[in-house]
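The values are calculated or read from the model by the stated rules, or taken from the named source; none is laboratory data. Here the structure is a predicted model, which means the values were calculated and not measured. When we count neighbours, we look across all protein chains shown, and the Cβ atoms used for this are built from the backbone with ideal geometry, even at glycine. Each accessible area value is taken on the protein alone, full model and side chains, heavy atoms only, with ligands, DNA and RNA left out. Shrake-Rupley method; radii C 1.70, N 1.55, O 1.52, S 1.80 Å.
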Amino acid sequence: MERIRLRWIAIILALLVFTGAGLSHISFNVDILKLLPTRLQQVKGLSLFLKHFAQPKELIVTVEADTPEAAEAAANALADAFAKRPDLVQRAVSHAPWEKNPADLSELFAYLVINQPPEKVRALVASLSAERADATLKASLEKLGESLSPREIAVLSYDPYNLAGVIDDTGFLSNGVEQSEFSSADGAYRVVYAVSAHDFRNYKDAIAWVKQIKQLARGTVPDPSIHVGFTGEPAFMADISGSMEWDMASSGFATLVVIAVIFWLCYRRARPLLDLQAMLVLIFTLTLAAAGLFLSQLTVIGVGCAAIMIGLSVDYGYFVYQRSLNHRGTVGELQRQCVQNIVWTSGTTAAVFFALNFSSLPGLSQLGNLVGIGVVIGAIIMLTVYARLTMRFHQREEARPPSVVERLFATAGFWRKGAIVTATLVVGLLLSLAVNGLPPPDFSARTLRPRLSEAYTALDHLYARLTDDRDMLSLVVAGKDEAQVLKRLRTAEASLSAAQARGEVKNFRTALPLWPVANNQRANLPLLAPLASEIPHLHERAVAAGFKDEAFVLDEAILHQWAAWATTPTPIWPTNETSRWIFRRVASHEDGQLLAMGMVTPVAGHEDALTAAVQNDGIWLVSWNQLGRELRHVIPLEFAHVIIALSIIVILLLIIAFRSARAVGLFIVTTALVLACLAGAMSLLGMSWNFFNLAALLLLLGTGTDYSILLLLALNRNRGDVPAAQRELGLVICLCAFSASAGFGTISWANHIGLASLGQTCALGLVIDALISLFLLPQAWTLIAGRKGG
């Protein structure tokens, strides 16, 4: 006895250690691209874009007020408040870095000049010679007096020798610096960029940091007439991860409540209900612990498995309890009676889900592993622990009359009327499918986002008030070194120029003007570096020509920068704060990955042709809308292959289990009828197929098929006696179907649009599957057997 007690203590301690270690590693991944095949070009390009240009630590704080003055004052106050918290914020920016100190642009201008062709640089050097310097200054003064361009006046006021003039034709000055990231045209909408002082180890760090920033912002700008919004990668992570955590907890809790209500209505027994609930919590906890230890971060599909695992595991509990009601033998005998049904149903379900690892969709692989692990753990717990608990309860329980639900399922009229209602429903859904056709596909970006998110709302408002780039395509160019990226950038520019000539592109902008050209740098620096020795003379001439002392600050800094780079190995990259700010969304040369960015505005309707023309080795033209178009072609075919493969696996397992062509044939017909009715119901309700609810077909193959398998096994055991089989398993299957539907149904209210559609589709499919399996499958068995049941 003591040895048994010590063994149980050791098992419990091991489970506690396992659970603690696993749950401590649970983390959410909000990157939707982790659900998709990495071989897709849009996934590759968008992954590079998000990894290197999405600024994972940068929070965008938006400020909207009634007047430009109020908006600017609030934005400046927020930037100052953030700057006073170096423990929270590394950098807070409410104005372009060069506005307060134009000399900060000197490094960038110096860099752009050394990238120019040597002949242009030689002309620039000649314009600074003793013979031509005065003429150069005179020309600058004339331009200042005649120009109507605010940009040209602002630059020439600090650049009397027009050193920046050599880069005018690159388009950088007109397309880059002038475009405001900080203010709307009317000035009443402002933006503050706040960078976290620390990396986020997980989603909880992001949630905590964003919460602190929001509290600080509310304390800094208490005026209710000034609206402050928060968007950017940290805000998305906080919003989406928080809602995923809530969806998982709430769907699991709601499923437990529904299961409790169903069990109580059917059996009116509290102790077995409490035991069943405890088992479900244990199964859920152990499965999550296993996921934390053996799987990577949970994606949004993985979150949906919380209610799914509970809804599936309760099936085995219902079966064990139903069989225990009329069993007065030992626990071992009860387990032997249950093992065949549970092993075959759980084995089929687990095999189907584990087989999803053969899919090229990482999201499906995670879904398969999570549910597969949960099913195996659930079957073991129910057979070993719950079977013992139910037998102990029945040994102490006084006999009770059957409940109203139990008596209802024992009447022949219930089954006869149920068959009529189900047949009518099936005919109606098939007519709906014939009239309305298959549900339409929807692979737009809408299905990839939450229904409610402050971060997305703030982003939509930012698009409305500043530049809306949602219809643009992002050009992503990658290479092993600067020279390869430069070559590919020039190829992309040529392709885009040709597309523009064909009328497929309205306009485009690439990182080519900002990308280092090593050959030009090596040729130009020997020409430019010696000019630093001429600074005193050039300064005197500028003052004598009528420029103020401070007007030479920018030119002087540029000349010093060329001298400082004289011995620097090429290619040279600019490094000061202003340069990094401009480069942060244009070029990346960190972590051994060289990338360049660009933006393309396509002519509507030409996106696919343009993408095909521009994309090449190391060149991607991507957007979320383009991803949706690519998924529309790829995902249905991928799911079709997976469904066919899983169907073959299930059929082979059933051939081994049934050894009956009639049983296997009825299973195939039942499954096909369920899928057809599901399509008809979706068409009738105006639902569409998307990446998420296509997984419902796989879930139905792995879960709904249990109902027909259980009925067919019962018909085999009862030698075709339909009423006996229905009395034996009718209530159990009905309970399983309602519980599983409840599990999926709770996901229908998930905040994530795609996940909610998965729950709705699965709940609908399981109800249809249960009705057909319970009421029509036995009738078909009788019809084929050539005799009536009973």
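Annotations
- For segment 194-230, taking the residues that are closer than 21 Å to D66 by Cα and either among the β-branched types (V, I, T) or part of a strand (DSSP E or B) (or both), the one that is most open to solvent (accessible area, probe 1.4 Å) is identified as H227.
- Helices (runs of 4 or more DSSP H) (entirely within segment 662-748) containing at least 1 residues that are open to solvent by less than 10 Å² (accessible area, probe 1.4 Å) and farther than 25 Å from A645 by Cβ: 705-717, 722-747
- Any hit, segment 469-476, residues being part of a loop (DSSP other than H, G, I, E, B) and at pLDDT 85 or above: yes
- Criterion (over 22 Å from R585 (Cα atoms) and either crowded, with 20+ Cβ neighbours inside 10 Å or touching a helix residue (DSSP H, G or I) at 6+ places or on another chain (Cβ under 8 Å) (or both)) met by exactly one of A74, A70: A74
- Considering only residues in segment 425-444 that are open to solvent by 40 Å² or more (accessible area, probe 1.4 Å) and not in a helix (DSSP H, G or I), the one that is farthest from L685 (Cα to Cα) turns out to be S444.
- S741 under 25 Å from I668 (Cβ atoms), of a type outside the set (D, E) and under 30 Å from the mean Cα position of the chain (by Cα): yes
- Residues in segment 445-468 that are modelled with pLDDT under 80, surrounded by fewer than 17 Cβ atoms within 10 Å (Cβ to Cβ) and in a helix (DSSP H, G or I): A445, R446.
- Residues satisfying the criterion are present in segment 650-660 (criterion: under 39 Å from the mean Cα position of the chain (by Cα) and among the β-branched types (V, I, T)).
- On the stretch given as segment 84-117, residues that are in contact (Cβ under 8 Å) with a residue 40 or more places away in the chain and more than 26 Å from I558 (Cα to Cα) total 7.
- Only one of D205, D223 that is among the charged types (D, E, K, R) and closer than 19 Å to A458 by Cα: D223
- So D608, is it out of contact with any helix residue (DSSP H, G or I) (no Cβ under 7 Å at 6 or more places or on another chain) and either in contact (Cβ under 8 Å) with a residue 60 or more places away in the chain or under 27 Å from F53 (Cα atoms) (or both): no
- Failed item in (1) of a type in the set (F, W, Y); (2) in contact with a Gly (Cβ under 6 Å, 6 or more places away or on another chain); (3) farther than 30 Å from R470 by Cα, with F692 passing the rest: (3)
- Restricting A596, A657 to residues that are open to solvent by less than 30 Å² (accessible area, probe 1.4 Å) and under 30 Å from Q55 (Cβ atoms) narrows the list to A596.
- Residue list for segment 158-170, filter: touching a helix residue (DSSP H, G or I) at 6+ places or on another chain (Cβ under 6 Å) and either modelled with pLDDT under 65 or not in a helix (DSSP H, G or I) (or both): Y158, D159, P160, Y161, N162, T170
- Of the residues examined, F691 is one that is within 28 Å of the chain's Cα centre (by Cα) and touching a residue at least 60 places away in the same chain (Cβ under 8 Å).
Okay, residues lined up against (1) in contact with a helix residue (DSSP H, G or I) (Cβ under 6 Å, 6 or more places away or on another chain); (2) closer than 30 Å to F236 by Cα:
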position	(1), (2)
A672	no, no
C677	yes, no
L685	no, no
S688	no, yes
R727	no, no
F738	yes, no
G745	yes, yes
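- Identity of the residue in segment 180-193, assigned to a loop (DSSP other than H, G, I, E, B) and among the polar types (S, T, N, Q), that ends up nearest to D66 (Cα to Cα): S184
- Of the helices (runs of 4 or more DSSP H) lying entirely inside segment 508-595, the ones with 2 or more residues being more than 51 Å from the chain's Cα centre (by Cα) and over 30 Å from L46 (Cβ atoms) are found at 535-545.
Per-residue answers, yes or no, for (1) open to solvent by 60 Å² or more (accessible area, probe 1.4 Å); (2) among the polar types (S, T, N, Q):
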| residue | (1), (2) |
| --- | --- |
| A492 | no, no |
| S497 | no, yes |
| R509 | yes, no |
| P526 | yes, no |
| A542 | no, no |
| F547 | no, no |
| A551 | no, no |
| I558 | no, no |
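- Flag if K417 is assigned to a helix (DSSP H, G or I), among the basic types (K, R) and over 30 Å from T568 (Cα atoms): yes
- Taking segment 82-135 as the range and being open to solvent by 60 Å² or more (accessible area, probe 1.4 Å) and either under 41 Å from the mean Cα position of the chain (by Cα) or within 30 Å of P234 (Cα to Cα) (or both) as the test, the residues that pass are A83, K84, R85, P86, D87, Q90, R91, E99, K100, N101.
- Evaluating T411 against the criteria (1) under 35 Å from the mean Cα position of the chain (by Cα); (2) open to solvent by 50 Å² or more (accessible area, probe 1.4 Å) leaves one unmet condition, (1).
- Lone qualifier among I373, I380, I342 - being closer than 15 Å to V320 by Cα, of a type outside the set (F, W, Y) and touching a residue at least 24 places away in the same chain (Cβ under 8 Å): I342
- If you go through segment 601-660 and keep only what is among the β-branched types (V, I, T), assigned to a helix (DSSP H, G or I) and either out of contact with any Phe, Trp or Tyr (no Cβ under 9 Å at 6 or more places or on another chain) or more than 20 Å from Q41 (Cβ to Cβ) (or both), you end up with V634, V642, I643, I644, I648, I649, V650, I651, I655, I656.
- Residues within segment 477-490 that are among the charged types (D, E, K, R) and either crowded, with 16+ Cβ neighbours inside 10 Å or part of a helix (DSSP H, G or I) (or both), tallied: 4
Residues are listed down the side, and each one gets a yes or a no for (1) open to solvent by 20 Å² or more (accessible area, probe 1.4 Å); (2) part of a helix (DSSP H, G or I); (3) at pLDDT 70 or above:
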| residue | (1), (2), (3) |
| --- | --- |
| L293 | yes, yes, yes |
| G302 | no, yes, no |
| F319 | no, yes, yes |
| C338 | no, yes, yes |
| T348 | no, yes, yes |
| A351 | yes, yes, yes |
| L370 | no, yes, yes |
